[in-house]
Every structure is written in structure tokens, then in C-alpha cells.
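Student: Structure provided below as C-alpha cells; questions to follow.
The values are calculated or read from the model by the stated rules, or taken from the named source; none is laboratory data. All figures in this text were calculated on a predicted structure; none of them were measured in a lab. Neighbour counts run over all protein chains shown; Cβ positions are idealised from the backbone, glycine included. Remember, those area values only see protein heavy atoms, side chains included, never the ligands or the DNA or RNA. Shrake-Rupley method; radii C 1.70, N 1.55, O 1.52, S 1.80 Å.
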Amino acid sequence: MAEEPTARTTESIAFRSALDVIRGVEPRVADAIGAELADQRESLKLIASENYASPAVLLAMGNWFSDKYAEGTVGRRFYAGCRNVDTVEALAAEHAREIFGAAHAYVQPHSGIDANLVAFWAVLSQRVESPALHKAGVRQVNDLTEADWSALRRELGNQRMLGMSLDAGGHLTHGFRPNISGKMFDQRSYGTDPATGLVDYDALRESAREFRPLIIIAGYSAYPRLVNFRIMREIADEVGATLMVDMAHFAGLVAGKVLTGDFDPVPHAQIVTTTTHKSLRGPRGGMVLCDSELAEHVDRGCPMVLGGPLPHVMAAKAVALAEARQPGFHDYARRIVDNSQALAEGLLKRGARLVTGGTDNHIVLLDVSGYGLTGRQAEAALLDSGIVTNRNSVPQDPNGAWYTSGIRLGTPALTTRGLGTAEMDEIAALIDTVLAATAPGTGADGKPSKAKYALDAAVAQQVAGRATDLLAGFPLYPGIDLS
Ligand SMILES: *Cc1c(COP(=O)(O)O)cnc(C)c1O
């Protein structure tokens, strides 16, 4: 009897074959890769910084581009034989310039943190180093006298930066002491208005006038509203600062033209950094966009602060950016925000408390103190119920950055999976059910604990079951069957 033809798609064949090759060398790695797909398929992922890259993006990373050294820039390499690397790096940069309307794009940074370091040093190079070289009448640092070099080094290490505070949603790399940016710069923070939860531009302006920073940095990881970059630039211009925007989280919303006008950072900031793997849905990586005056300084990112470029990741960036130029990406970005707003409404109507009372982007920041819980307790109870989130501080958080009072929710990943506003309302109900069924625990000393909690096991089981059912209707990577 003839065999039934098996329904293997091209994607299934590609990934199965890749795993077979890996299995021939180290089967445990092949198994872990397969298990990771299974885990991702089963988890209701509301981590605001995560997404699911397409099969094309994933495959563009696994090849011999990984073997090439390509220090330098397109057409100007320190290594021979970079013609194909030039092709993919130039393509990724071109797509990025077109999507974002930027004068220049540098696609070598390995991550968002690396992109920020490249940007900081580009601004320091443009605004501190270049004038010093000019004043000394030399072309490069090697030509400075010992005394001039020593003076320049002190000056490079003595600049000021104004960045959003961590509890308002800012990022550790925006000048905070545990990060190298906080050791490089004398940093002052701006925050949000306690009454509205929104960025307080008047206070920011006051602070900038007094502090006179070299850099004002905007951008966030946990702010559920829009930032007006036109106002930010006005303030920066008034005090002679360079405006840098870190759009790591919301680059997908900019690419998808949901954030336009005053809310699109690219026309307003001199320099913009991003990750490529969050809402932009590409490979893990970073990118810097800038105006033409900063371009030559940004292009020195490697070897200034970056290790050698990763050509296989640049190839995947080119693929992801090509995807982001397709009309469907606009629709995707729109649905991210629709879903986030539906999730927020679903929570609000069940009595939950949200930081700023709602959302304009992909983030919902749930203040769980209304349930009598810390962020850590809420995060753990939700995880027990099959819902993956992360705890996050809220403005003026009484529980600090470790235990916190908030849960950050984000919709880019579930939107990629195809879930819509009806599902978001149901997820809001599940979250509310779990948190209402969770009680804070007591420590060994009999005092209230910020970590221990008691969750009704029947509720956890019922919610996890419901989450599984919900996801079953929206298969992740439907074209890939590894069985
Ligand atoms: C995620 C994030 C980063 C860091 O990105 P990595 O790729 O993890 O280095 C930097 N800035 C902001 C605002 C972020 O949200």
C-alpha cells in the first residue's frame, strides 16, 4: 500500500533537518532547542520585551556568515573577503533608514545596551573629543601631548546626563550607578508627575536649565504612555544638550507608524538607539540611527566599544527589517496597541489599579498593591497559573526594585501569535482571578513576607487550563512540526 504523503511544510523540513544535523553532534542541544519551542508554545507570554521572530529571521542567523570577521564599515573593512557581509549590512542599514526616515543607520550593535554605549561615545566624540583635537591642532588622539590627553580623558569622564528615573520606567543604562553609564556620567533623573503619572515636562525643563547636561536621554522600559519628543528636543536645544532617544521597547510601534509626529523620536532626536528583538520582532541585537553630523562618530562603534560585528545577525536584521517594511507590519503594530488597550480596559473594569490609569502603547503597568500583594508575589502566583509576566516597580514604589508593587504586561508577543481584543479581555479576567485568589504569606518570624504567598491551588489549575485552551486556538509557528 502506498504511504500517505506527510504534510511537511518547507519550514518543518528546514528546522527538522537542522535539528537532525545538531543531534548528530550533541543530541542534548537538539533536544533543548526542541523543548524550547514546546515551552514557548505552551506559555501565555506577556513579557513586554519579548516577541517571536519569524522562521526566515531565525534561519538567516544559522549559517557561515557567523565565521566572518568584518571589522570596519561597508566597503571599508580591516579584513579581506567581506563582499557578502557588505551586501547584508548595507541592506539592513538601507531598510532601517527607509523605515525610520533616518539619515544614517548603524546596524552592528549586538544588543540595546551596546547600542547605547555606541551612542554615548559618539556624542562624547563629537562634542568633547573633536573640539579638543581641533583646539590642539591635531587630527587624532595619538597626536595629543601627554598633558592634553590627560586633560581630555578627565573631560570625557566628567560630563552630565539627564535621564528618566528607574521607578518612572527608565532603563539602568540611562546613567544609573550599577551600569557603566552611571560611572561614566554625572546623572540626574527626571520623573513623572505623582498626580497623573505622566512625564512632567515642566519639571524636566527646570532641571535641565539648572543641570546643563551634555545629553538628555528619553525612552523607557516600563512607561505605558507616549513621550512627546518635540518638547524633549525643544528642552534639549534650549540648554545645549544632545537629545538621545532609546526606543528599544517601542521601535516596532514607530516602524509600524503607530507612533508618528511628536511621538516619533527619529525626526526630533539627534541620535536614536534600539534593540531589534522587542516590538520590532527581529533577531536579538541593537541598532543606532542618527543625523549626518553624528554618522562618522557612530560608525566607530566597533572597535571603540563593540566586539567584531556579527554578520549572521546583520543578515537576520536585514530580513526582519524587510518584514517590517511590508504593509502587514502596520496592521501588526496597530493590533499591539489595540490589544494593550483591551487588556487595560479588561483589568480596569474588574477594579484593578493601573499606573497612569491606562495605556497608549504596548505596555500595561498593573499596580498590585490593590490586591494586597507585592510584585514578586503577584508574578509568582501568575506563573503558577500559566501566565508569564515580570514584576516591575511603580512610581514612588514603597517595595523597592526587588519586591516591587507592580506587574508589567506587554502585548507584542501574543499579538504576533494572533490573539485579539476578545482574548485580551479574557486574559484580564484570568489575571484578576489569580490575584484575587492570592494572599500574602508570613515569614518564618511570623511577620508579613514580601515574597511568600498562598494561592488557591484549584484556581491556579483552572486558570492554567483556560490559558492552555486559549493558546490552542492560536498555534505558534503553525508551519513548523517537529514531531
Ligand atoms: C531592553 C532595553 C535595553 C537593553 O537591550 P539589550 O538588548 O538587552 O541589551 C536598553 N534600553 C531599553 C530602554 C530597553 O528596554
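Student: Using a 10 Å cut-off on Cβ atoms, rank the peptides 387-393, 273-279, 251-257, 449-455 from the highest mean neighbour count down.
Tutor: Details: 387-393: 22.1, 273-279: 29.4, 251-257: 25.1, 449-455: 16.9.
Result, highest mean Cβ count within 10 Å first: 273-279, 251-257, 387-393, 449-455.
Student: Then there's this: In Å², and per residue, what accessible area does the chain have when probed at 1.4 Å with the other protein chains present?
Tutor: Accessible area per residue: 44 Å².
Student: Could you give the distance between the Cα centres of region 45-63 and region 117-155, to the whole Å?
Tutor: 40 Å
Student: Just the ratio, please: alpha-carbon radius of gyration of region 227-323 over 2.2 N^0.38 Å, N its number of residues. Write out the running numbers ahead of the final one.
Tutor: On the way: Rg = 14.2 Å, N = 97, 2.2 N^0.38 = 12.5 Å.
In units of the 2.2 N^0.38 Å rule of thumb, it is 1.14.
Student: Let me ask something else. Mean residue ellipticity at 222 nm from the helices of the chain, using -39,500 (n - 2.57) per DSSP H segment of n ≥ 4 over the full residue count, to the nearest 500 deg cm²/dmol? Let's see the in-between values first.
Tutor: Working: 20 runs with 218 residues, N = 483.
Value at 222 nm, helices only, nearest 500: -13500 deg cm²/dmol.
Student: Can you list the HN-Hα couplings for region 158-167, worked out from phi with the Karplus curve (6.51, -1.76, 1.60; θ = phi - 60°), rounded to whole Hz and with x for Gly and Pro?
Tutor: Per residue, the Karplus-derived 3J(HN,Hα) values read 10, 9, 10, 9, 10, x, 5, 5, 5, 6 Hz.
Student: Something else now. Each residue of region 243-252 in order: what ³J(HN,Hα) in whole Hz does its phi give by Karplus 6.51 cos²θ - 1.76 cosθ + 1.60, θ = phi - 60°, with x for Gly and Pro?
Tutor: 8, 10, 10, 9, 9, 3, 7, 10, 4, x
Student: Taking a temperature of 4 °C and a viscosity of 1.567 mPa s, what whole-number D in µm²/s does Stokes-Einstein yield for region 1-122 with Rh from Kirkwood over alpha carbon pairs?
Tutor: Details: Rh = 18.2 Å.
Using the Kirkwood radius from Cα pairs, D works out to 71 µm²/s.
Student: Per residue, what volume in Å³ does the Cα convex hull of region 65-324 take up?
Tutor: Numbers: hull volume 32.3 nm³, N = 260.
Cα-based convex hull of region 65-324, divided per residue, equals 124 Å³.
Student: Would you mind giving the average projected area, over all directions, of the Cα convex hull of the chain in nm² with one decimal?
Tutor: Numbers: hull surface 113.0 nm².
Across all orientations, the chain yields a mean hull projection of 28.2 nm².
Student: Considering only DSSP beta bridges with both partners in the chain, what is the antiparallel share in %, to the nearest 5?
Tutor: Working: 25 of 43 bridges.
Rounded to the nearest five, the antiparallel share is 60 percent.
Student: Could you tell me the relative contact order of the chain? Use alpha-carbon pairs under 8 Å, at least six residues apart, and round to a whole percent. Intermediate results must be reported in sequence, preceding the final value.
Tutor: Values: 948 pairs, mean separation 100.4, N = 483.
Here the relative contact order equals 21 percent.
Student: Using a 1.4 Å probe on the protein chains only, how many percent of the accessible area of the chain belongs to carbon and sulfur?
Tutor: 52 percent
Student: Something else now. Rule-of-thumb check for region 328-472: C-alpha Rg over 2.2 N^0.38 Å? Kindly include the intermediate steps, with their values, before the conclusion.
Tutor: Values: Rg = 15.1 Å, N = 145, 2.2 N^0.38 = 14.6 Å.
The reported ratio for this selection is 1.04.
Student: So for TRP64, TRP121, what's the accessible-area order with a 1.4 Å probe, most first? Show your work: numbers first, answer last.
Tutor: On the way: TRP64 205, TRP121 60 Å².
Output order, biggest surface exposure first: TRP64, TRP121.
Student: To continue, here is another question. Let me know the number of lysine pairs in region 65-324 closer than 24 Å at the Cα, not counting same-chain pairs under 8 apart. Mind dumping the intermediate values first?
Tutor: Details: LYS68/LYS317; LYS257/LYS278; LYS257/LYS317; LYS278/LYS317.
Close lysine pairs under the 24 Å cut-off: 4.
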